[in-house]
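The values are calculated or read from the model by the stated rules, or taken from the named source; none is laboratory data. As the structure is a computational prediction, the values presented were derived from the model and not from experiment. Ideal geometry is used to build each Cβ from the backbone, glycine not excepted, and the neighbour counts take in all protein chains shown. Each accessible area value is taken on the protein alone, full model and side chains, heavy atoms only, with ligands, DNA and RNA left out. Shrake-Rupley method; radii C 1.70, N 1.55, O 1.52, S 1.80 Å.
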Amino acid sequence: MSFADEFESNLVSLAHVLQKKYALLRDLDKSLQENQRQNEQRCEKEIEEIRRGRTGNVTPNAHFSEEAIDEQKHSVRIADEKVALAMQAYDLVDMHVQQLDQFMKKSNEEMRREKENASASNLENSREAGKAGEGRRGGRKKTRLAAAASTAAVASASTGMTSTGMDLDLPVDPNEPTYCICNQVSYGEMIACDNNECKIEWFHFGCVGLKDQPKGKWYCPDCATVKKSRKGR
């Protein structure tokens, strides 16, 4: 049973226990009020009898009957029982609040560790993507690269920014190679220039105005300009 299920079950039990204690508190309060009313009547009657049996006002040394004193003591005992019941109810609620606080603190700690592990994993994936990029530059392929995985792609999706004119404000591994006319790391979809002598080689789709993979050979803007100038001669 998970903590949430157990805590919910304990709350149901707590509600029943509190209901019984509050019902007992109401009974004690009713009994206390009745006992106090009876004691007040008895004391008033005894004071009146003392006045009639003596001249002048009742002296401070006048004593009430044992019955009146017993009633007053009984009222004090009932009041003490009410206080004890109220404290028990408070302690029960406080115990459940402390359990919930401990669970929330533990959950927050676990979430923090998961975020740290995810950040470390993303950084490791970014480094691996950089190493793969170095391999592509050394042994150049003529195929288009689709959906290159990197931390920058995740960041761009979360911020809603497009790859066109994208300014990556992210911590970059200094050992990770950069590409494209934007001189940034690999992210999103990239395409290779078909000119073997291209100095840049790989480009982000958005930076060169591409939305879909072109058919046939593709040349970057600089290489395309050079190619056209050579044909014009």
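When each of the peptides 95-102, 24-31, 112-119 is scored by the mean number of other C-beta atoms lying within 10 Å of its residues, the order from highest to lowest reads 24-31, 95-102, 112-119. Across segment 188-197, computed HN-Hα scalar couplings (Karplus, 6.51 cos²θ - 1.76 cosθ + 1.60, θ = phi - 60°) run x, 8, 10, 9, 9, 6, 7, 8, 4, 9 Hz from first to last residue, x flagging Gly and Pro. Sequence-ordered 3J(HN,Hα) estimates for segment 27-32 from the Karplus curve with 6.51, -1.76 and 1.60 and θ = phi - 60° stand at 5, 5, 5, 5, 5, 5 Hz, glycine and proline given as x. Computed from backbone phi, the HN-Hα couplings of segment 224-230 come to 5, 5, 5, 5, 5, 5, 5 Hz, rounded to whole numbers (Karplus: 6.51 cos²θ - 1.76 cosθ + 1.60, θ = phi - 60°; Gly and Pro given as x).
Note on Y22: accessible area is roughly 100 Å² with a 1.4 Å probe, heavy atoms of protein only. Under 5 Å between amide hydrogens, built in the peptide plane, is the criterion, and for I181 it picks out H204 among residues at least 5 positions away or on other chains. Lysines within cross-link reach of K199: Cα-Cα under 18 Å, excluding same-chain residues under 8 positions apart? Cα-Cα hits under 18 Å: K141, K142, K217, K227, K228.
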